[in-house]
Amino acid sequence: MTIHGIKGELLDLLFQMGRDAHPNEFVAILKENKGVIDEVNLLPGTVTGESSASLLFDMMPLSTHIAGSCHSHPNGMLLPSDADVRFFPRTGRYHIIIGYPYNNTNWRCFTVDGQLCKIDVIA
Ligand SMILES: [Zn+2]
């Protein structure tokens, strides 16, 4: 499964979730359909930091359509932390980080090994 894009309206929803959770972090599972990320599933629980994010991933559902994860960085850093790179392999191959102030220039996608990965925004 190769991901080549994300739906624009889903990206907008992720930014809204980031704003709603701010100054806390949120974490969610991304699902794909035919190579396009088009669905987000919240995980149960309240996320307040990187370490709790990794615990929540133990509760994630099993599905063949899971593309990866999305979480926010309220400090605006658009790079995976050490904790992020440790939990990426447990949750799929593509990982989006969105950062404060949560608009179109404040997101990046990373592969499972923490390398920057360009995906298209699909209308
Ligand atoms: Zn992080």
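Within the set of pairs 6 or more residues apart or between chains, which connect a residue that is farther than 15 Å from R86 by Cβ inside region 110-123 to a residue that is open to solvent by 50 Å² or more (accessible area, probe 1.4 Å) with Cβ atoms less than 7 Å apart? Correct list of pairs: L116/R108; I119/H4; D120/H4; I122/K7.
If we only count strands (runs of 3 or more DSSP E) wholly inside region 59-117, which ones have 1 or more residues that are of a type in the set (D, E, K, R)? Can you show your working first?
On the way: elements: 66-73, 94-99, 107-111.
Strands (runs of 3 or more DSSP E) meeting the threshold: 107-111.
For region 66-101, the set of residues classified as open to solvent by 90 Å² or more (accessible area, probe 1.4 Å) and either in contact (Cβ under 8 Å) with a residue 12 or more places away in the chain or among the hydroxyl-bearing types (S, T, Y) (or both) consists of N75, M77, L79, R86, R90, R93, Y100, listed by residue number.
The values are calculated or read from the model by the stated rules, or taken from the named source; none is laboratory data. In this text, all values refer to a predicted model and were calculated from it rather than measured experimentally. For neighbour counting, all protein chains shown are included, and Cβ atoms are generated from backbone atoms with ideal geometry for every residue, glycine included. Side chains are part of the model used for accessible areas, which takes the heavy atoms of the whole protein and leaves out ligands, DNA and RNA. Shrake-Rupley method; radii C 1.70, N 1.55, O 1.52, S 1.80 Å.
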